[in-house]
Amino acid sequence: MATPKNNSVIKAFDILKLFLSETRPLSPQEVAEATGQTLSTTHRFLLTLEEVGALDRTPGPRYHVGMLISELGQQAMRTDIVAERARGTVDHLCQNLRETVCLSLFHGPEARPLVWQEANRPLAFRIRSDLDRPLHASATGKLLMACLNPLAREEALEKIALPALTPETRTDMREVRREAQRIALAGLAEDCGEMETGLDCLAAPVTGANLAPLGALVVSAPSARLRNGDRADIIARLKSAAQALSSQLVIENKTLAHKARPRGSFPHVKRVGNLAFVSGTSSRRRDDTFVGASVNETGRVLIDTAVQAVVTLGNIADILLSVGAGLSSIVKLDVYLTQPDKADAVYAALERHGLPVPPVCTVTAVKGLPHPHQAVMMKAVAVVGPR
C-alpha cells in the first residue's frame, strides 16, 4: 500500500509558492483567498512558517519570504546545473578577451569560484579557489559587498579588518563605504592592483530570479593589459556576458494571486533561462465561472468561442507580464477547441485583438476540456527579452 501524502506539507508549500511568485508582502487575508484555505488555517500555517524562518512578518501584519528560503535558494543554485550553464559563457568570454575569466557565487559574506577558464598566454592569472576574496580589496569582494542590503553590508564591514595588501589597497572605512555605493550604481567593481601588485580585476554582477544577486563574473589580467585603450570594450563585453548568463540561470515558477488558481499544484508560468512556458490557460475567473459562457432560461449553455479566445489570450498576456514578457514574445501557441467549426472565428478574433508578432500556431480539436463551460484552452512558449 502506497504511503499517503501529508496534506499539511502540501498546503505549506502552496503558501510558500505564492510568496515566491509575489514581490510584495501579503496579508493573511490575501494568502487565504489565493490558496483557498480558511483564514484560521492560514494564520496557523503563517505562524509556523515564521517560527522556522521560512517567512518573516512586517507590521500590519504582512508576511514576506524569510532567510531560510533565501538560503535554501542560494544553496540550490550551487549545483552542477549552474556550472553547466555557465561553462559556455566563461569559455567564450575567455577566448574573446584572451584573459582569465571566472564565475564566483556568493554565499553570505563570502564568494567562492565555481567555474573558470585561464587564458592561454605566457603571462596569465591563475585561479586559486582556496583563497579568500577580501571584501575591501578584490573586485569580487567589493561587488559582493555592494550587492548586500545596507544593514547586511554594515554588519559585514564591522567584522573585517582592512589590511593594506598592496600600496593601492583602500584601508579607510569611509572610502570603502563610498566605493560600495558607487559600485551598486555602476554595476561594475574594479580591483586595480589592490589585492596583488600588477594584477587588475573587473567584476560584473550575475543575478537570478527577481534580480537577486547570485555571484560575480570576473576578468583578471596583468594590470598593463587591463589599463590600455581596450578597457572600455572589455567592460562592455563583460557586462553583456554577465547579463546573458543571468538570463540563463533564472529558473522560477509563478502563480498569480489575481488570476484563476491553477487546477492541481502547477504554476501559471515557468521560466527557464530566457524561455517562459505558460500552462494551459482559459477564460476562467477566480470564482471558477467562465467569461463567454452563460445559461439561458431553458438551462441551455451558450458559449461564445471567439470571446473566450480573446479573454484567454488576455490572461496569457497578464501571465507573461509577470516574467517580463508579452504577447509579442510568444514564439509558439497551441490552441485547443471543443467547437472546431468555430476555428475561423477564433483566428479572426486573435488577429484583431493580439499577437503583434505571429508565432507558430497549432489548433487542435478536442472532444472535451476540464469544464463544460470551457470551449477554449491555450498554452504558450515565449522568449523573455528581445526576439
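The values are calculated or read from the model by the stated rules, or taken from the named source; none is laboratory data. Predicted model only: the values in this text are computed from it and were never measured. With ideal geometry, Cβ positions are generated from the backbone for all residues, glycine too; neighbour counts draw on all protein chains shown. SASA here: full protein model, heavy atoms, side chains in, ligands and nucleic acids out. Shrake-Rupley method; radii C 1.70, N 1.55, O 1.52, S 1.80 Å.
Within region 251-376, the ratio Rg/Rh, alpha carbon atoms throughout and Rh by Kirkwood, equals 0.96.
Averaging the Cα positions of each part gives two centres, and for region 207-257 and region 95-160 these lie 13 Å apart. A convex hull fitted to the Cα coordinates of the chain yields 201 cubic angstrom per residue. The slack in the chain from Arg177 to Thr58, taken as 0.36 nm per residue of separation less the alpha-carbon distance, amounts to 40.0 nm. The mean accessible area for residues of the chain, using a 1.4 Å probe and ignoring ligands and nucleic acids, is 52 Å² per residue.
Here region 118-192 exposes an accessible surface that is 51 percent carbon and sulfur, computed with a 1.4 Å probe and the other protein chains kept in place. Modelled spin-label separation between Asp132 and Val363, with each label point placed 7 Å from Cα along the Cα-to-Cβ direction: 6.6 nm. Quick check on region 170-274: take the gyration tensor over C-alpha atoms, sort the square-rooted eigenvalues as a ≥ b ≥ c, and tell me if it's rounded (a/c under 1.5), prolate or oblate. Prolate. How much FRET efficiency would the formula 1/(1 + (r/R0)^6) give for Thr289 and Asn228, where r is the Cβ-Cβ distance and R0 is 56 Å, rounded to 0.05? That gives a FRET efficiency of 0.25. Measuring nothing but protein heavy atoms, the accessible surface of region 331-387 at 1.4 Å probe radius is 58 percent carbon and sulfur.
With a threshold of 28 Å on the Cα-Cα distance, the over-threshold entries among Lys11/Lys367; Lys159/Lys270; Lys11/Lys270 are Lys11/Lys367; Lys159/Lys270.
Counting protein heavy atoms only, region 262-305 has 51 percent of its accessible area on carbon and sulfur, 1.4 angstrom probe.
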